[in-house]
Each structure stands twice: as C-alpha cells, then as structure tokens.
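Chemist: Before we start, here is the structure in question, set down as structure tokens.
Derivation of every value follows stated rules applied to the coordinates shown; laboratory data play no part. Please read all numbers here as calculations on a predicted model, not as lab measurements. When we count neighbours, we look across all protein chains shown, and the Cβ atoms used for this are built from the backbone with ideal geometry, even at glycine.
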C-alpha cells in the first residue's frame with residue numbers, strides 16, 4: 001500500500017471514529033439520568049423511600065418570658081427531618097393551608113433564557129431555551145419533579161408539601177456539553193430546605209442552613225407580594241416568593257436566586273424566574289431563565 005493510500009485510510013478511520021463518538025454523545029445526552037433518589041426518570045414511582053406523618057406544634061419561652069408556638073417539623077424522607085422554622089410575623093396571614101395533590105404527568109412550560117457550560121472561563125456550550133418539560137410523580141407524600149430543559153441539561157427536585165411549608169429534600173442535575181463526559185451532581189438536604197413557609201404573609205421571611213454534596217447551603221426566603229399573573233395557561237392570583245441559596249465548601253459553589261409565583265389553590269407555581277451560577281473546580285454552569293406554565297396533564 002502506498003503512503004498516500006495509507007494516509008487516506010488513516011484519515012478515514014479518524015473520521016469514522018469521530019462520527020461514532022459524535023453519535024454516542026447524542027445518544028448519551030438523550031439518555032434519561034439515573035438519579036439515586038426519587039425512582040425512575042419521568043415515570044411513576046417504583047420505590048417508597050418517603051414517609052410522612054402529622055406535624056406537631058411545639059411551644060417554648062423566649063428570654064423575655066414570652067410564650068411562642070412554632071409549627072412542627074416537616075415529615076421525614078429517609079432519615080432526614082426538617083426542624084421547625086417560624087416565619088417572621090406580618091399582617092394579613094393566609095389561613096391554615098391544606099395542599100391539594102397535584103396531578104401526575106407532564107407539564108409544559110414556555111421558556112425564555114440562556115444556559116452556558118464550559119471550562120477555564122471559556123463557554124463550550126450555549127443553549128437558548130424555548131420550552132421546559134416538567135414531569136411529576138409521587139413517592140408516598142414526596143413530590144418528584146423531573147425537569148427537561150434541553151438535551152444537555154436535566155434536573156430533579158424532590159419536595160414535601162404540608163401545612164408548614166414546601167421543603168426541598170433532594171436535588172440533582174445532569175449536564176452534557178460538547179466532548180466532555182456527562183456531569184451529574186446530586187444530594188439530599190440535611191435538614192430539608194424550606195422553599196416556602198406557611199402561613200403566607202407579605203414581608204414574611206425565613207432562613208436556614210443545610211448540608212448537601214459535602215458542602216453547606218445558606219438560604220433565605222421571603223414573601224415579596226401577592227399579585228395577579230398571566231401565563232399561557234391562564235390568569236391566576238399568586239404569592240411571589242424569593243429564595244436565595246448560596247453553596248460553599250462542597251463539590252459545587254455558587255448562588256441561585258429563585259423567584260416563583262405560587263398559587264395555593266393549585267398547590268404549585270405557575271411562573272418561575274431563576275438565575276444560577278455555579279463553579280465545579282475549573283468548570284462552570286450558568287443559567288438565567290423564565291418559565292411560565294403552558295399546559296397541565298388532562
């Protein structure tokens with residue numbers, strides 16, 4: 001075989017290998033992530049890790065002698081239980097809340113925003129969002145939400161909703177970008193992280209500190225206001241809730257600002273605005289988006 005023929009053969013082999021690897025990456029990005037918490041991706045629950053029971057009130061006495069009453073802890077998921085957290089008192093609180101059970105299935109969300117992933121300060125991938133699919137299922141009293149942003153980005157959140165609030169118990173993310181292997185981070189929150197505290201009242205605030213993924217998450221939440229909001233699915237009266245979460249000392253560091261429009265009658269949000277920037281060694285992931293509910297399962 002001549003040198004020219006040998007060179008052409010080698011080039012053909014390289015091209016074939018690159019094509020095969022590209023095809024593998026496309027398949028890998030579409031493969032459902034295998035999170036260790038919450039059952040199979042995007043389907044009905046197959047396990048029963050979550051248990052829930054009534055939350056008892058506790059009473060105590062302040063340094064000044066004032067007697068206070070706090071709502072009980074959130075139900076346990078696995079061996080983890082959230083402590084009682086008393087929101088700041090404010091005028092016109094909402095009545096005791098009974099969370100409706102959300103319909104299982106896929107919810108469609110209109111999305112606007114951009115996501116970036118890269119290494120060493122250089123963006124290898126940039127995605128523009130137009131639709132997000134959110135599939136909900138229950139494991140006993142735990143609500144599992146699987147969010148499909150695009151081929152390279154999927155998330156899972158496991159929450160408990162009870163008369164005391166909405167508690168984030170577990171969160172996972174899967175990122176696939178360019179020729180880099182898929183990155184998956186996940187972890188349970190100990191104690192659970194309160195995304196929302198009842199009763200709802202404008203100006204109410206709460207704080208918490210949790211550990212997850214070997215690090216610490218400091219968190220503050222606030223009820224900003226109550227207002228009418230229009231999204232593709234309709235017009236609703238919603239409470240606007242802001243959560244700020246800062247992660248340090250673990251696999252990932254960064255800050256997430258999450259503002260959601262929560263409708264008590266539905267038991268969930270109809271709009272969500274998120275800004276998130278995290279660092280994992282010399283790798284980074286940034287996202288800034290708005291999603292609005294378009295349709296719910298029939």
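Chemist: Shape of segment 158-235 from its Cα gyration tensor (a ≥ b ≥ c, root eigenvalues): rounded if a/c is under 1.5, otherwise prolate when a/b > b/c, or oblate? Each step should come with its number before you reach the end.
Modeler: Details: a/c = 2.56, a/b = 1.41, b/c = 1.81.
Verdict is oblate for segment 158-235.
Chemist: Moving on. If we sort 277-289, 227-239 on the protection proxy, mean other Cβ atoms within 10 Å, highest first, what's the order?
Modeler: On the way: 277-289: 16.5, 227-239: 14.5.
Peptide ranking by packing, descending: 277-289, 227-239.
Chemist: Shape call for segment 167-298 from the C-alpha gyration tensor, a ≥ b ≥ c root eigenvalues: rounded (a/c under 1.5), prolate (a/b greater than b/c) or oblate? Display every interim value, and only then the final one.
Modeler: Numbers: a/c = 2.26, a/b = 1.44, b/c = 1.57.
Cα axes put segment 167-298 in the oblate bin.
Chemist: Another question about this same structure. Please give the Cα centre distance for segment 266-284 versus segment 102-179, rounded to the nearest Å.
Modeler: Here the two parts' Cα centres lie 8 Å apart.
Chemist: Let me ask something else. Report the gain in length on full extension from residue 114 to residue 290: 0.36 nm times residue separation, minus Cα-Cα distance, nm rounded to one decimal.
Modeler: Values: separation 176, 0.36 × 176 = 63.36 nm, distance 0.97 nm.
So the chain would gain 62.4 nm between residue 114 and residue 290.
Chemist: Among 265, 251, rank each residue by its count of other Cβ atoms within 10 Å, from fewest to most, as a rough exposure measure.
Modeler: Numbers: 265 9, 251 16.
Least crowded to most crowded, the residues run 265, 251.
Chemist: Further, regarding this structure: Could you please state, rounded to a whole Å, how far the C-alpha centre of segment 227-260 is from the C-alpha centre of segment 202-226?
Modeler: Here the two parts' Cα centres lie 11 Å apart.
Chemist: So, one more: Please compute the alpha carbon radius of gyration of segment 70-295, then divide it by the globular-protein estimate 2.2 N^0.38 Å. Two decimals is fine. Can you show the working numbers first?
Modeler: Values: Rg = 17.2 Å, N = 226, 2.2 N^0.38 = 17.3 Å.
It is 1.00.
Chemist: Hey, fewest Cβ within 10 Å first, where do 125, 177 land in order?
Modeler: Numbers: 125 17, 177 24.
The fewest-first ordering by Cβ neighbours comes to 125, 177.
Chemist: Further question on the same structure: Quick check on packing: order 135-144, 101-110 by the mean number of other C-beta atoms within 10 Å, highest mean leading.
Modeler: Working: 135-144: 19.9, 101-110: 16.6.
The most tightly packed comes first, giving 135-144, 101-110.
Chemist: Can you give the FRET efficiency to the nearest 0.05 for residue 279 and residue 220, using r as the Cβ-Cβ distance and R₀ = 35 Å? List each step's numbers first, then the result.
Modeler: Numbers: r = 21 Å, r/R0 = 0.60.
The formula returns an efficiency of 0.95 here.
Chemist: Using the number of other C-beta atoms within 10 angstrom as an exposure proxy, rank 222, 184, 154 with the fewest first.
Modeler: Taking fewest neighbouring Cβ atoms as first place, the list is 184, 222, 154.
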